[in-house]
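Q: This is the structure, below, for whatever I ask next.
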Amino acid sequence: MELPVVPLDDIDLSLNEFWTKDRAYREGAFKTLRDESPFHFFPEALIEDSPFPRGPGYRALTRHQDIWHVSRNPQIFCSGKGSNIGDMPTELNEFFGSMINMDDPKHFRLRSIVSKGFTPKEISRVEEQVKVRAVKVVDRLLEKFPGKSCDFVEEVAALLPLQIICDMMGIPESDERQIFNWTNVILGVGDPEFVGSYEDLLKAGMEIFAYAQALGEDRVKSPKDDVTSAMMNAVVDGERLTAQEFGSFFILLVVAGNETTRNAISHGMKLLTDHPDQRHKWFNNFEEHTRTAVEEIVRYATPVIHFRRTATEDTEINGQPIKEGEKVVMWYCSGNRDERVFTDPHTFDVARPLAPAQVGFGAGGPHFCLGANLARREIGVMFDEIRKRVPSLHITSESAYLQSAFINGIKRMQCAWD
């Protein structure tokens, strides 16, 4: 990819206009930041309909090493004040973000309990379902579209992670579309197609929260063979998950587990279409390259663009002074393109070595993605099924990208096969 040279003075990551620029411009801007000002300070945007005051601004961390340092030092860079750039009351942070917006000991307690739903036994059971569901996704594709063309995002990429989450949690198939719509609203903030105001966001949050509370309370009374039952009936140090805690975790799980994997699969299909040599390399030696190919898709796509931390004391990052209370924003999209770490970072290479590690699932520490291994499994299995049954499937249109500084999403993208 030939990157344009973007002057430092022209860059403002807080402006919506920046996130509507073409991808090459954005990559050029982040390269400028990495090279010239890796801790650049940005004022926060004034959001017209937000009920919360404008924040004090933030430092943009754009290098891989610095992102890793912040992630691995949660006692100095906390999550409890929020993982998104804008400030919200603690109650709302925890309502929408559950444990990703908590610090120890609260974070440790909650993660210890919900981890009972992610034991090797539970994940093994779910992983078996991944294969079954992927087969059904392709069965449905071939049956529903005899013309051999459709929207890849809605008809392929979105189905597998959504169905797996619903299988895990014991959600009936009849409710899948409603879950899908709620997640689009929650992560669509900033994109006019999905949400118009904070009221819409809060309404979707309250609806999904109420749904989850009812589901959790039902599994306490009538346990079933699902992750909801495992979590609601788990006891750790004499404590259980409350219905309210489960409601917030449910929002995190269905949003993070559905949308991010959906976007990784969507970007992956576009990348394999645009790079037929890499498609050939992977699909013709699938077992050998699957582990590296999946990591490369996540690195290249980086579905979650950023997360924020807040300094708990005066400190420094690579010689840059950081004051107590100052916000630092880890731009994962930039860390995954850092030329100091990755050879030819703008090249898509399904055989790229696993080390150094990409930061698409976070960069270590207590907030590393709980569902990372399940996401890897879903991506690998979905492409294996495509490889075996619709090997000619390819993208035929430009991608309609989500307008967001938080999620690197693809809303629509046509595909076809022979």
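The values are calculated or read from the model by the stated rules, or taken from the named source; none is laboratory data. Predicted model, so just to flag it, every value in this text is computed and none were measured. Neighbour counts run over all protein chains shown; Cβ positions are idealised from the backbone, glycine included.
Q: Is there any pair linking a residue in the range 225-254 that is part of a helix (DSSP H, G or I) to one that is of a type in the set (Ser, Thr, Tyr), with Cβ under 7 Å and at least six apart or on different chains, and which?
A: Going by the 7 Å Cβ cut-off, the qualifying pairs are SER248/SER98; PHE249/SER98; ILE251/SER98; LEU252/SER98; VAL254/THR183.
Q: From THR242, THR261, grab the single residue that is surrounded by fewer than 15 Cβ atoms within 10 Å (Cβ to Cβ) and among the hydroxyl-bearing types (Ser, Thr, Tyr).
A: THR242
Q: Could you tell me which numbered condition SER392 fails, if it satisfies all but one of (1) assigned to a loop (DSSP other than H, G, I, E, B); (2) closer than 15 Å to ARG72 by Cα; (3) modelled with pLDDT of 95 or more?
A: The failed condition is (2).
Q: In the range 227-262, what residues are in contact with a helix residue (DSSP H, G or I) (Cβ under 8 Å, 6 or more places away or on another chain) and of a type in the set (Val, Ile, Thr)?
A: Listed by number, the residues that qualify are VAL227, THR228, VAL236, ILE251, VAL254, VAL255, THR260, THR261.
Q: For the range 79-102, enumerate the residues that are more than 22 Å from SER14 (Cβ to Cβ) and under 20 Å from the mean Cα position of the chain (by Cα).
A: Scanning the range 79-102 gives GLY80, GLU94, PHE95, SER98, MET99, MET102.
Q: Going by the conditions given, is GLY28 out of contact with any strand residue (DSSP E or B) (no Cβ under 6 Å at 6 or more places or on another chain), farther than 13 Å from ILE317 by Cβ and modelled with pLDDT of 95 or more?
A: So GLY28 passes the test.
Q: Being among the aliphatic types (A, V, I, L, M), in contact with a Ser or Thr (Cβ under 6 Å, 6 or more places away or on another chain), surrounded by 19 or more Cβ atoms within 10 Å (Cβ to Cβ) and at negative phi narrows it down to one residue among ILE297, ILE322; which is it? If you could, list the steps in order and put the result at the bottom.
A: Numbers: ILE297 fails: in contact with a Ser or Thr (Cβ under 6 Å, 6 or more places away or on another chain).
Only one candidate qualifies: ILE322.
Q: Among the listed residues ALA234, ALA311, ALA230, identify the single one that is within 25 Å of GLY82 (Cα to Cα) and either surrounded by fewer than 24 Cβ atoms within 10 Å (Cβ to Cβ) or among the aromatic types (Phe, Trp, Tyr) (or both).
A: Only one candidate qualifies: ALA311.
Q: Against the definition (among the charged types (D, E, K, R), free of Cβ contacts under 8 Å to residues at least 40 places away in the same chain and surrounded by 14 or more Cβ atoms within 10 Å (Cβ to Cβ)), how does ASP151 come out, yes or no? Steps first, answer last, please.
A: Values: among the charged types (D, E, K, R): yes; free of Cβ contacts under 8 Å to residues at least 40 places away in the same chain: no; surrounded by 14 or more Cβ atoms within 10 Å (Cβ to Cβ): yes.
Spelling it out, it is not the case that ASP151 is among the charged types (D, E, K, R), free of Cβ contacts under 8 Å to residues at least 40 places away in the same chain and surrounded by 14 or more Cβ atoms within 10 Å (Cβ to Cβ).
Q: Could you please tell me which pairs satisfy a Cβ distance under 7 Å, a separation of 6+ or placement on different chains, a first residue in the range 104-119 that is touching a residue at least 12 places away in the same chain (Cβ under 8 Å) and closer than 20 Å to LEU374 by Cβ, and a second residue that is acidic (Asp, Glu) and crowded, with 17+ Cβ neighbours inside 10 Å?
A: Listed pairs, sorted by first residue: LEU110/GLU245.
Q: Going residue by residue through the range 340-354, is there one that turns out to be surrounded by fewer than 21 Cβ atoms within 10 Å (Cβ to Cβ), within 25 Å of PHE118 (Cα to Cα) and modelled with pLDDT of 95 or more?
A: Yes, the conditions are met somewhere in the range 340-354.
Q: So which residues in the range 15-52 are acidic (Asp, Glu), in contact with a helix residue (DSSP H, G or I) (Cβ under 8 Å, 6 or more places away or on another chain) and in a loop (DSSP other than H, G, I, E, B), if there are any at all? Walk me through how you get there before you give the answer.
A: Step one: of the range 15-52, the residues acidic (Asp, Glu) are 17, 22, 27, 35-36, 44, 48-49.
From what is left, the residues that are in contact with a helix residue (DSSP H, G or I) (Cβ under 8 Å, 6 or more places away or on another chain) are 36, 49.
Result: ASP49, single match.
Q: Please determine, by comparing only the residues of the range 67-88 that are over 18 Å from GLY364 (Cα atoms) and among the aliphatic types (A, V, I, L, M), which one is modelled with the highest pLDDT.
A: My answer is ILE85.
Q: Could you check GLU94 against (1) surrounded by 13 or more Cβ atoms within 10 Å (Cβ to Cβ); (2) more than 16 Å from PHE250 (Cβ to Cβ); (3) of a type in the set (D, E, K, R) and say which number it fails?
A: For GLU94, the failing item is (2).
Q: I've got another one for you. Among the listed residues GLN403, GLN358, which satisfies the condition of being more than 13 Å from ILE297 (Cα to Cα) and either in a loop (DSSP other than H, G, I, E, B) or under 19 Å from the mean Cα position of the chain (by Cα) (or both)?
A: GLN403
Q: Examine the range 172-189 for a residue that is under 18 Å from TYR211 (Cβ atoms), touching a residue at least 60 places away in the same chain (Cβ under 8 Å), crowded, with 22+ Cβ neighbours inside 10 Å and touching a Ser or Thr at 6+ places or on another chain (Cβ under 8 Å), and state whether such a residue exists.
A: The answer is yes; a qualifying residue exists.
Q: Working carefully through the options GLU155, GLU239, GLU217, find the one that is among the acidic types (Asp, Glu) and either within 30 Å of LYS411 (Cβ to Cβ) or within 21 Å of the chain's Cα centre (by Cα) (or both).
A: Unique residue meeting the criteria: GLU155.
Q: Further, regarding this structure: Counting only residues that are crowded, with 21+ Cβ neighbours inside 10 Å, assigned to a loop (DSSP other than H, G, I, E, B) and among the hydrophobic types (A, V, I, L, M, F, W, C), how many does the range 406-418 have?
A: Number of matching residues: 1.
Q: Moving on to the next point. Of GLU288, GLU316, which residue is in a helix (DSSP H, G or I), surrounded by fewer than 17 Cβ atoms within 10 Å (Cβ to Cβ), out of contact with any helix residue (DSSP H, G or I) (no Cβ under 7 Å at 6 or more places or on another chain) and without any contact (Cβ under 8 Å) to a residue 60 or more places away in the chain?
A: GLU288
Q: Could I ask something else about it? If you go through the range 50-66 one residue at a time, how many are at pLDDT below 95 and either of a type in the set (Lys, Arg) or touching a Cys at 6+ places or on another chain (Cβ under 6 Å) (or both)?
A: 1
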